[in-house]
Amino acid sequence: MNCVTNTLFSWIAIAGIVALSACGSKNNNPDTPAPKPVVQISASATVGNHITDVDGNSLYYFSNDFNGSNNCTGGCAAVWPIYYAGDNLAQAALGTGLDIKDFATITTTDGKKQTTYKGWPLYYFAPNVGGANVREAAGETKGEAVNNVWFVAKTDYTIQLVNAQLVGADGKNYLADHTEGTGKTLYFTDAKGVTLYAFAPDKFNVNTFTKADFSNNAIWPIYETDQVIVPSILDKTLFGTTTVFGKKQLTYKGWPLYYFGQDAGVRGSNKGVSVPKPGVWPVVTKDAAAAPQP
């Protein structure tokens, strides 16, 4: 055989060896399954879709964490262990429907790291069983609505509940009945903990404040949504919408819902309760009376 033929046979032999080697390697090292998401969305027959860890353990938020800090200390911390996803949480480690921009890390007063979602610190539930705190099993949601201040974390809440002291723009403390006093009020916020208000002169599903050109909307912006995703202690049927010059504004018991511009989107801020005087722009609570008919 000539040199060309020898060279051709050599290349064919080499190619065959490489192919066999590749096949052998593939057979000896089957594809590794993709890792499960570190944080994911899981379905529940009782509370619907909510956020869980890698093993399907439910994660919760605490209404007392109005300021974005962990306010569960002492005995509370034993029942509600903190959740920490790790130092290097990235989009690739999240399940479908989750956005890395919604996650952050805080440090608790005792120096521990804790993962937050949309500004809410995340917790597990570990009730006392036989004298010891035992974390609930994967798939369970028994922590939902405990003391009306603990709720599963969801991606799509349009109403959440904050339990905080009302402090008006005048610097005074107020109670839910608009009188001065010290004590927490459980009231409505949006998904990020920004306070929602009603306007006392409004009527059932009638916004009497907003101008047609929205020139005063920066003062008391309407809560513009038609979605109703709420904690389980709230009755979804009591929510609705009203149309305000072409925009949908969420209502509760007929009260159109607003933000206060001077709260500046700061979670837990509720300065509007004293503007222009207490009772004109109250925060919205579960037990609020229905708005009057027009």
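The values are calculated or read from the model by the stated rules, or taken from the named source; none is laboratory data. Since the structure is predicted, the reported quantities are computational estimates derived from the model, not experimental observations. Don't worry about glycine lacking a Cβ; one is built from the backbone with ideal geometry, like all the others, and counts go over all protein chains shown. Keep in mind that these areas ignore ligands, DNA and RNA; they rest on the heavy atoms of the full protein, side chains included. Shrake-Rupley method; radii C 1.70, N 1.55, O 1.52, S 1.80 Å.
Shown is the FRET efficiency for Asn148 and Thr32, computed with R0 = 41 Å from the Cβ-Cβ distance and rounded to the nearest 0.05: 0.35. Computed packing ranks the peptides 250-261, 43-54 as 250-261, 43-54, most packed first, by mean other Cβ atoms within 10 Å. Which entries of Lys142/Lys286; Lys113/Lys184; Lys184/Lys286; Lys203/Lys248; Lys154/Lys236 have Cα-Cα distances beyond 18 Å here? Beyond 18 Å between Cα atoms: Lys142/Lys286; Lys113/Lys184. Give the Debye-formula value of log10 I(q)/I(0) at each listed q (0.21 Å⁻¹), with one equal scatterer per alpha carbon of region 38-135, two decimals each. For region 38-135 at q = 0.21 Å⁻¹, log10 I(q)/I(0) is -1.14.
For region 201-274, taking Cα atoms only, Rg and Dmax work out to 12.7, 37 Å respectively.
Relative to the longest principal axis of the Cα atoms of the chain, the long axis of helix 3-28 lies at roughly 40 degrees.
Taking N as the number of residues in region 77-128, what is its Cα Rg relative to 2.2 N^0.38 Å?
Ratio of Rg to 2.2 N^0.38 Å for region 77-128: 1.20.
Label point of Val129 set 7 angstrom out along Cα-Cβ; within region 36-63, amide nitrogens under 15 Å from it belong to 57-58.
Binning at 5 Å from 0, report for the chain what percent of all alpha-carbon pair distances ends up in each bin. Computed distribution, short to long bins: 1, 5, 10, 13, 14, 13, 10, 8, 6, 4, 2, 2, 2, 2, 2, 2, 2, 1, 1, 0, 0, 0. For region 86-135, relative contact order (Cα pairs under 8 Å, six or more residues apart, normalised by length) works out to 20 percent.
Entry note: region 83-163 has Rg to Rh equal to 0.97, where both radii use alpha-carbon atoms and Rh is the Kirkwood radius.
Measuring with a 1.4 angstrom probe and ignoring ligands and nucleic acids, Ser215 comes out at about 80 Å² accessible.
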